[in-house]
Amino acid sequence: MKVLLLGGTGEARRLADLLVAQDIEVVSSLAGRTANARLPVGAVRQGGFGGVEGLVRWLEDERVDAVVDATHPFAATMTSHAAEAAARTGVPLLVLRRPGWESPSGDSSNKWYSVDSAAAAAELVPQLGSRVFLTIGRQGLDAFARTGLWTLARCVDAPDPAPSWCTLLLARGPFAVDDELELLREHRIDVLVTKDSGGDMTAAKLTAAERLGVPVIVIRRPPLPPGVDAVESLDQVVGWLTARR
């Protein structure tokens, strides 16, 4: 069995471990956007496929038996391309998505605001605070340039060109709650903006914000393409693939 694993996430690396251990041939595909990315076990290809047409050709040429999309929940373009290519080639597709975040207190009425885009978050920010902590990655930062607020932006890799209107903090998770508390206090952060990435690696900021009473703006995930099957656990993916061997 040959599986194309669209990766770049911690779940994808762990899934590659599981599949290789079961003698399933895995080719992990990484977009190549993150410098010094952590590579999974097994075969790895980096860079795009050349759109849907390129992915269709690759699936056919490589005689792939199944595709697992374990990309970041906000990698909407890759997921859309995978869905279309799978439909055109008849190759089964399964999407692995970690559960989204919820307010640590379970009460999102006062301190938890959900929006659909970075632009919507930027419009809301001035109503909630004046010292902003952005944890949305490199893409989407420009939406906050016109707020005029003091802004700290944490990214894995620096944007190119680096924005002059905010303070950059380059760091890669996981992050601890105590460290996030110290960061929020040190910079006197009074509003946090994040994407609903889900998972444990960067969830500590939400707990820290809850403890300090800092409001959180969460950018919702883009919807999955119609008709695409999705699961939330590695075991579910392994079971799905095992049934197709």
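The values are calculated or read from the model by the stated rules, or taken from the named source; none is laboratory data. Keep in mind it's a predicted model, so treat the numbers as computed, not measured. So basically every Cβ, Gly included, is an ideal-geometry build from the backbone, and we count neighbours across all protein chains shown. Surface areas here come from the heavy atoms of the whole protein model, side chains and all, with no ligands, DNA or RNA. Shrake-Rupley method; radii C 1.70, N 1.55, O 1.52, S 1.80 Å.
For every residue, the table says whether it meets (1) out of contact with any Ser or Thr (no Cβ under 7 Å at 6 or more places or on another chain); (2) surrounded by fewer than 17 Cβ atoms within 10 Å (Cβ to Cβ).
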position	(1), (2)
188	yes, yes
194	no, no
204	yes, no
209	yes, no
213	yes, yes
231	yes, yes
236	yes, yes
240	yes, yes
244	yes, yes
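Residue-wise test of (1) open to solvent by less than 70 Å² (accessible area, probe 1.4 Å); (2) in contact with a Cys (Cβ under 9 Å, 6 or more places away or on another chain); (3) at pLDDT below 90; (4) not basic (Lys, Arg).
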position: 6; (1), (2), (3), (4): yes, no, no, yes
position: 17; (1), (2), (3), (4): no, no, no, yes
position: 20; (1), (2), (3), (4): yes, no, no, yes
position: 25; (1), (2), (3), (4): no, no, no, yes
position: 33; (1), (2), (3), (4): no, no, yes, no
position: 37; (1), (2), (3), (4): yes, no, yes, yes
position: 41; (1), (2), (3), (4): yes, no, yes, yes
position: 49; (1), (2), (3), (4): yes, no, no, yes
**Complete:** Scanning region 55-75 for residues that are surrounded by fewer than 20 Cβ atoms within 10 Å (Cβ to Cβ) and at pLDDT below 95, the one farthest from residue 219 (Cα to Cα) turns out to be 75
**Prompt:** Taking region 185-217 on its own, how many of its residues are out of contact with any Phe, Trp or Tyr (no Cβ under 7 Å at 6 or more places or on another chain) and part of a helix (DSSP H, G or I)?
**Reply:** 8
**Of all residues making up region 188-209, the number that are within 19 Å of residue 156 (Cα to Cα) and not hydroxyl-bearing (Ser, Thr, Tyr)** = 12
**Complete:** Taking region 129-142 and keeping only residues that are more than 25 Å from residue 174 (Cα to Cα) and open to solvent by less than 40 Å² (accessible area, probe 1.4 Å), one is left with 129
